1. As a footprinting exposure proxy, order 130, 60 by other Cβ within 10 Å, with the fewest listed first.
2. Label points 7 Å out from Cα along the Cβ direction at residue 185 and residue 125: separation in nm?
3. Under the 0.36 nm per residue contour assumption, what length would be gained going from the current alpha-carbon distance of residue 231 and residue 55 to full extension?
4. Calculate, in nm to one decimal, what residue 171 and residue 100 gain on full extension: separation in residues at 0.36 nm each, minus their alpha carbon distance.
5. Given R₀ = 45 Å, what would the calculated FRET efficiency be for residue 16 paired with residue 290, taking r from the Cβ atoms and rounding to 0.05?
6. If I stretch the segment between residue 80 and residue 244 completely, what's the gain in nm (0.36 nm per residue apart, minus their alpha carbon distance), one decimal?
7. Let me know the shape class of the stretch 212-312, please: from the alpha-carbon gyration tensor, a ≥ b ≥ c as square roots of the eigenvalues, rounded when a/c is under 1.5, otherwise prolate if a/b is greater than b/c, or oblate.
8. Given a Förster radius of 25 Å and the C-beta distance between residue 139 and residue 88 as r, what FRET efficiency does 1/(1 + (r/R0)^6) yield to the nearest 0.05?
């Protein structure tokens, strides 16, 4: 007889498995039952991945979700955030080629200079040096052009919602599978509950507490999912690439839901709960659903998931920036003194000094525009650190 999602725990209500369900990862068979029998809930980032995928991967992803039928569901907040962020994701995809081109050309500056020096030593004319140097930049352009030709989709996403073929497919997929909006009275009550949960660091949502008026989003997603699980009497599998500590527990290579979430789901609905990222969902779908997901699509999803994980902060850089910003330092002498005394690597120190002292266009203390310029300049100066994992908070905004 197939293994039930609840049998092992319910057989002894006072045993470890019943009292601490969240510390016991589901077996492979139980994961299969989540897909075959459970309510599969998409987070906003999982829904937005339909845009980030290439055409073939997108087709397979949407097909896998479509096989779920009425067991596919999204909370109301996910629908709202998806529509709010959709255009930003599309613009980001359009800008990605230019960003890659700029990065490649920047990294070619050193070898290009080496070639130029060597060519001059061999007696090459200035025109010949320029011709030789252009071989590298031309190679970059050729590679990017061929990649464009290889991956140009027939259903290119469009910002205009009435002209976006991807949005049309998503609308069909989730039609009648979206939670209703909370009424104002219920929302006010939930807002009070969320503030209390944030104070006690009760997951999920407390990690977003400083995001302003939209920081309640994860809690609303969770609350509506709890209610839907009870209403439908189905186990819940949340598909999300979110790896924030108020959602996930990491133990070595294992990444799963916070035990508190598993316990709360069972207490409120008597249903099991688990979460997986998109690439794990696709792997499981290929094994347990009547759909085919290629290995290329799984690899693509893995790369997307790793790109969405927020890097851990650089503690050295964080300490320096926090001192400078919190004190709203504006005079050059103090900046030099703070940076010189800080226990940071010479690379970080040089990057900060060069930026703050040599670039007159960077305001200090930084305003909103200055913050963005500072972050971009530091990312570039730190030679390949794509994201420092730290964002300077505007002193004027508190």
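1. 130, 60
2. 8.7
3. On the way: separation 176, 0.36 × 176 = 63.36 nm, distance 3.57 nm.
Full-extension gain reported as 59.8 nm.
4. 22.4 nm
5. Working: r = 36 Å, r/R0 = 0.81.
Rounded to the nearest 0.05, the efficiency is 0.80.
6. Working: separation 164, 0.36 × 164 = 59.04 nm, distance 2.08 nm.
So the chain would gain 57.0 nm between residue 80 and residue 244.
7. On the way: a/c = 1.89, a/b = 1.26, b/c = 1.49.
Cα axes put the stretch 212-312 in the oblate bin.
8. It comes to 0.20.
Every number here is computed from the coordinates shown, using simple stated rules; none is lab data. Remember, it's a predicted structure, so these values are computed and weren't measured experimentally. Counting neighbours? That spans all protein chains shown, and the Cβs are built from the backbone with ideal geometry, glycine included.
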